Amino acid sequence: MCPNTASTGRHWDGSPRTTRARRPLRVAATSPSRLLRCGQSVRCRLCGNRIDVYLCSDQRTIALHPDELAAAQIPESCRWHLSCGIAHPHADGSAWCRIPHTVLCPGCSVPATVQLSPHVEAVRRQLAVRSRRLIDTGAFTPPAPSDPACEEQAADSRRPARPVVQLLLGRYLADRPLEEIRCVAQTRQRRCCPQPVLAAHTAAGRWTLLPVGPQRGQVTLPATLMAVYDLSRLPYAEQLRWRTQRCPAHAAAPGAADLALADWQVFDPPPARGAHPHPPPTRRAQPPTGGVTVAHHALEVTLTRPLTAAELHHAARLLPLATNHDATRLMTLVRAKTPGRAAHRLRHCVGARLPVDVTTTHYPDTDGQILLNIDFPPSVHAAICDTAHRTGQPPELFVRHAIHRALDRHAGAEAARLDQAIQDLLAGALPAHLLAAVGRALTHIPGASQ
């Protein structure tokens, strides 16, 4: 009698043996955020309840309540919705929405400008009861009041506990000292990388004193100088590694996902609130439609070819247009709330009728910058999105940094060309004669008698 042994792929009764395949955590190729879903759920340090942390469209972070609530019972200024992993401060038209955790947190006071509905008050009471249960069972310990001695010791230390770092044409506030900033990438063991971002074998920044000037029309802070860890002199790849908070090993492997949010906050000092930035305020209620004053924005349009009289006549029926002498550039006024909406409205109205190449705002904003609107071909747009995805940046931010780098290279090349031209002129002329010639050229009026 021969033994009848079952195969390794079946049970003792002959039924097939099924093994559940392990599914590794991955980030979708079309996701604008590199953060894994498991890295977005944390515990509130004030009440101990679970919160979901998401990125906003302005690269800030916000803590949202993990459950969706009925939009009809939520104040309009507290409604948020998610799109492709990004949180947006308004409703998406559906019957459900998300709400910031600061509105429901028992450890925070409700802002005076927010009127909570009875349903929101009930949810807030439920979180307070849950927080008390966690404290009673020992699962959560609320933060103790700060000790003045510890604060004086931290103030007397040589390195700040929350340093300000300057990189990628901006300033960011770190959540901890530079030596304690760890990599947020996922390792092969599906854990967060323990390596520090400040590596010994890489180029380091330098501490410098920079003024705290007003930004975006804000009031200047009382302090005139502050200590900033300057990384702006490092290469762009190195600054991007710091911004994405990755160690040198994971910076070379952009495909690795993130298990935690980067500990950076945009350093945007608000007026009369101290030196540290706060979360962005909630959206204010808009006034009635009849009292809204919408501004007009001056836009300058560069065309790919000169316009004909018929094309200009048909386009002038839609928008007031002014053209230059050869009909290759146009000026117009567009009624919109923001310059970005004005540029999109101009493309929507005359984009199919005119050979529009580039649209820019005619007047710079408070930061001295102008808005550049370009309609890329589908192939170029796909290439930009793919490159931005590999660098872990949104396409808009990637294009902005690329333009800034190109302008810096152009300014450097132009300065080098002028220096070389001056050296060539000084080789064959005296400095006094050259200065006199420059003065005559600057004061010469075309058409005047010599």
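The values are calculated or read from the model by the stated rules, or taken from the named source; none is laboratory data. All of these numbers come straight from a predicted model, not from anything done at the bench. Reconstructed Cβ throughout: ideal geometry from the backbone, glycine too, with neighbour counts over all protein chains shown. When the accessible area is computed, the model is the full protein with side chains, heavy atoms only, and any ligands, DNA or RNA have been set aside. Shrake-Rupley method; radii C 1.70, N 1.55, O 1.52, S 1.80 Å.
Structure notes:
- The apolar share of the surface of segment 65-119, taken as the fraction of accessible area on carbon and sulfur atoms (1.4 Å probe, ligands and nucleic acids excluded), comes to 55 percent.
- For segment 338-424, the relative contact order works out to 16 percent when only alpha carbon pairs closer than 8 Å and six or more residues apart are counted.
- Rounded Å value of the spacing that divides the Cα centres of segment 370-413 and segment 188-209: 27 Å
- Pairs of Cα atoms nearer than 8 Å and 6+ residues apart set the relative contact order; for segment 304-450 it is 12 percent.
- Charge tally around Arg317: other residues with Cβ under 12 Å, Lys/Arg +1 each, Asp/Glu -1 each, net 0.
- Rounded if a/c under 1.5, otherwise prolate or oblate - segment 337-450, Cα gyration tensor axes: prolate
- Carbon-plus-sulfur accessible fraction, segment 373-450 (probe radius 1.4 Å, protein heavy atoms only): 66%.
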